[in-house]
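These notes are about the structure you will find just below.
The values are calculated or read from the model by the stated rules, or taken from the named source; none is laboratory data. Computed from a predicted structure; not experimentally measured. These accessible areas exclude ligands, DNA and RNA; they are computed on the full protein's heavy atoms, side chains included. Shrake-Rupley method; radii C 1.70, N 1.55, O 1.52, S 1.80 Å.
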Amino acid sequence: MLKLVEKPSLSNKMRISVDHGKLENFSQSHVRFYLKYSSFVFRALKKPSFQKFLHWMLKKERIKEQAVRAVHVKVLPLRRKNGNGIAGNCDATLGRIRIYPKTVKFCQIFKQKFGRNTLLVYAGNRARAALIHELLHLKYIQDEKTVRELAKDYFCIFTQKQSAPSSHALCIYTMIFAAKSVERKVPPGVSDDPRIITKLNETCLRASGVLK
Ligand SMILES: [Zn+2]
């Protein structure tokens, strides 16, 4: 039988989502910042090259695209009780994934140190790494270790396919995963927030020629 309706792709299930009740906790300028951040991340995640990669990854992992009901790019950041930020989480039962931004404060410091362009590269790749991680949780629900290992590998495959100079891709790879080598206990379904190890990144960024 002919398929008249194309299967909904992951890209069509993505949307920007804001908790209106929480908006009042933020100043107008911060809200503007987070709206811009979320729309940037939304576009980064919807880029055809990345969507194509995700399609390939899901197929390889035998995760059905139908298992993903919704991907919410959250406008406002979320913090754990210990103060650490959350990059994303996955409700495997509902098939719902959420991707969270870094805070205004973090972005300001990062921008001062590395410049606006590097911040954009970082924010886009952090969101991509988070989405890869959370998609893998649809299959490896409780297995944080496997998800982390696979997410690293897949992110690496994606960055290597991009046209960016390899040293830069490697640098971003280091930035995203540097903090993840430390084993920490986190609840399943919640990905750890990749923290910046400034010293390491400065060296890395200089080496890649981003900072001049
Ligand atoms: Zn996880």
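Couple of notes before you dig in:
- Flagged links, alpha-carbon separation over 28 Å, of LYS59/LYS111; LYS47/LYS139; LYS105/LYS161: LYS59/LYS111; LYS105/LYS161
- Portion, in percent, of the accessible area of the stretch 1-139 that falls on carbon or sulfur, probe 1.4 Å: 54 percent
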